[in-house]
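Here the structure comes first, spelled out in structure tokens, and everything after it is commentary.
The values are calculated or read from the model by the stated rules, or taken from the named source; none is laboratory data. The shown structure was predicted, so the numbers you read here are calculated from the model rather than taken from an experiment. Here Cβ is always computed from backbone atoms with ideal geometry, including for glycine, and neighbour counts include all displayed protein chains. With ligands, DNA and RNA removed, areas are computed over all heavy atoms of the protein, side chains included. Shrake-Rupley method; radii C 1.70, N 1.55, O 1.52, S 1.80 Å.
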Amino acid sequence: MASPYAASPYVLSLLLLLSIPAVFLLAPRLIPPRTLPAIPDADETEDLALFRRAVLLSAAPSKPADPAATTSFFGGAGGFLKKRKQQQPKVAFLFLTNSDLVFAPLWEKFFAGHHGLLNVYVHADPAAALTLPPTPSFRGRIIPGKATQRASATLISAARRLLATALLDDPANHFFALLSQSCVPLHPFPALYRTLTSDIAGPKGRHRSFIEILDAEPTLHDRYYARGDDVMLPEVPYDSFRVGSQFFVLTRRHAVMVVRDRRLWNKFKLPCLVKRKYSCYPEEHYFPTLLDMQDPAGSTKFTLTRVNWTDSFDGHPHTYQPEEVSGELIRELRKSNGTYSHMFARKFAPECLGPLMKIADSVILRD
């Protein structure tokens, strides 16, 4: 005789059928969504130590210093000793690269005669095969780097690393220009220096940062939710989310603001969802969002670096080829809708070095 507790095969089949929708409904809540790789904890720990040093040095009062206790990041007397000399403001050129600095000879021409007003720093991905011997201005200027990759916050980390290093290395560094290996100058150095030092339209007559800050781009919605729904809240409301070119020139106070920040960084460093990786460009959002939230009147809201997006592919802008290089192109790239003309441009193929060097003295380094 069958047990009264034995379930009918039909009942079991019905229960199984009814459970399928419940599985599909509950699975997304029980199984965390797949994300792209996160920044390693060890990298974060090392960066925080570097950032704290940079912030402490920038916040310390100016006073006589012990030469043995104050050294620059690359060795030699630095710190407050440099500050006591009341040097003119310097421009720190921060090169973020994952390949050879092919345009170094052109930059050498740009830097020539002005080394007292500038410093050079290079962050190279450790996996990058740098085969070209460094030219004088770049020799010994590579900082300890970590791996970088697209669709992750590692590019933000690399930029913050460069900023912190430059803050520590020389207190006279007042402007911080982030560039890539495919960037080239469009004007001579004195033109750039005049542009940076003459702009005092910020609060209390301060210099402003040249960083693009946009709030009405069609991609903002998808990019805001690239890490998941409501992940950015409450620190970064959607209405405060901004976008702009990752290449900028920051003032010293804004560089300190960036390396001091923890609140917004704890949101932007979170990895994007795998299914939304094509909307993941954190390096184009972190800096404009932070500066616009903390000092909206302290930036020009436009960049000094010209980029051509007319035929972009896979998130990359137009890459200029040797046959496109001419004096007419340089003069066209200089044009801007803002108050100041563009000072840099990208993206140039490595093969453009020869044609660019031919017009360096007659066009690029002549206003």
Pair Lys277, Asp229: separation of 7 Å Cα→Cβ label points (nm): 2.4
Amide N proximity, region 129-163 versus Met357 label position 7 Å along Cα-to-Cβ, cut-off under 13 Å: 133, 135
Using θ = phi - 60° and Karplus 6.51 cos²θ - 1.76 cosθ + 1.60, couplings along region 301-318 (whole Hz; Gly, Pro as x): 6, 9, 9, 9, 9, 7, 9, 9, 9, 5, 10, 5, 9, 6, x, 9, x, 4
Those residues of region 198-239 whose amide nitrogen sits under 15 Å from the label point placed on Ala297, 7 Å along Cα→Cβ: 200-209
Region 291-355: chymotrypsin sites (Phe, Trp or Tyr not before Pro) in DSSP loop, at most 15 other beta carbons within 10 Å: Trp309
Residue-normalised accessible area of region 260-328, expressed per residue, 1.4 Å probe, Å²: 48
Where region 118-208 is the region considered: accessible area per residue in Å², 1.4 Å probe: 34
Relative packing of peptides 105-111, 119-125 - highest average C-beta neighbours within 10 Å first: 119-125, 105-111
Potential lengthening between Leu56 and Gln149 on full extension [0.36 nm per residue; Cα-Cα distance subtracted]: 30.5 nm
